[in-house]
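See below for the structure under consideration.
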DNA sequence: TACAGAGCAGTAT
DNA sequence: ATACTGCTCTGTA
């Protein structure tokens, strides 16, 4: 596992890479230390134990690290970005994997309801389960779980906090920064 | 409009 | 075994 810290227009983001791709991503923080510490805390919780990480400032050994870095910079500048990098979904259950993959197919700037996402994944009745699966997402933004909202137009929930969900949607609607 | 009840998959008690 | 989730649909009144 390799940890990378990235400066974006929205703050510092920490990324964890496994040999299968991007494993986890933190939310933007005020400083790189905080982002990294927060991500490691999560990794420890998920990994059960201390899991051996090697800290690396610039993701050496991970060919997609520079790609992620540029994509995040562009994204938080308000540009339409497709995160074309491998994501490690080996930690999730088959259902979660299906849901997260479906979410990944939602185009930039668009939204889908929890039910639509569930249907895309082949489980038309599992709207609620889709919600909990979305909440389990470890690579926010790259897997755009913020583009999933309620069918009645309400935002629904969000692991990173609803204000953040709102911000991301506004950003993708071009009503933000630039 | 309001409120049960059911189906759904995971996680936490 | 239960309870609670980032939900939504079908009654019932």
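Residue A:142 meets the stated requirement of being more than 9 Å from DNA strand C (Cβ to nearest atom) and under 12 Å from residue A:100 (Cα atoms). Looking only at region A:132-172, filter to residues that are closer than 17 Å to residue A:92 by Cα and out of contact with any strand residue (DSSP E or B) (no Cβ under 8 Å at 6 or more places or on another chain); which one of those is farthest from DNA strand B (Cβ to nearest atom)? So, considering only residues that are closer than 17 Å to residue A:92 by Cα and out of contact with any strand residue (DSSP E or B) (no Cβ under 8 Å at 6 or more places or on another chain), the one farthest from DNA strand B (Cβ to nearest atom) is A:144. Residue A:126: within 16 Å of DNA strand B (Cβ to nearest atom) and surrounded by 15 or more Cβ atoms within 10 Å (Cβ to Cβ), yes or no? Considered against the rule, which asks whether it is within 16 Å of DNA strand B (Cβ to nearest atom) and surrounded by 15 or more Cβ atoms within 10 Å (Cβ to Cβ), residue A:126 comes out as yes.
For every residue, the table says whether it meets (1) more than 24 Å from residue A:20 (Cβ to Cβ); (2) within 16 Å of DNA strand C (Cβ to nearest atom).
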| position | (1), (2) |
| --- | --- |
| A:71 | no, no |
| A:79 | yes, no |
| A:87 | no, yes |
| A:111 | yes, yes |
| A:122 | no, yes |
| A:129 | yes, yes |
| A:153 | yes, yes |
| A:166 | yes, yes |
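Restricting attention to region A:121-142, the residues being in a loop (DSSP other than H, G, I, E, B) and touching a helix residue (DSSP H, G or I) at 6+ places or on another chain (Cβ under 8 Å) number 11.
Among the residues here, residue A:59 does not qualify as more than 9 Å from DNA strand B (Cβ to nearest atom), in a loop (DSSP other than H, G, I, E, B) and modelled with pLDDT of 95 or more. For region A:167-178, the tally of residues that are more than 12 Å from residue A:111 (Cα to Cα) and at pLDDT 95 or above stands at 2. Among residues of region A:143-154 that are closer than 18 Å to residue A:15 by Cβ, those with a Cβ under 6 angstrom from a residue that is within 15 Å of DNA strand B (Cβ to nearest atom) and outside any loop (DSSP other than H, G, I, E, B), sequence gap 6+ or separate chain, pair up as A:143/A:100; A:143/A:103; A:145/A:103; A:145/A:134. Among the residues making up region A:66-106, those that are in a helix (DSSP H, G or I), surrounded by fewer than 20 Cβ atoms within 10 Å (Cβ to Cβ) and more than 16 Å from DNA strand B (Cβ to nearest atom) are A:66, A:67, A:69, A:70, A:73, A:74, A:104.
The values are calculated or read from the model by the stated rules, or taken from the named source; none is laboratory data. As the structure is a prediction and not an experimental result, all values here were calculated from the model. All Cβ positions, even for glycine, are placed from backbone atoms using ideal geometry, and neighbour counts span all protein chains on display.
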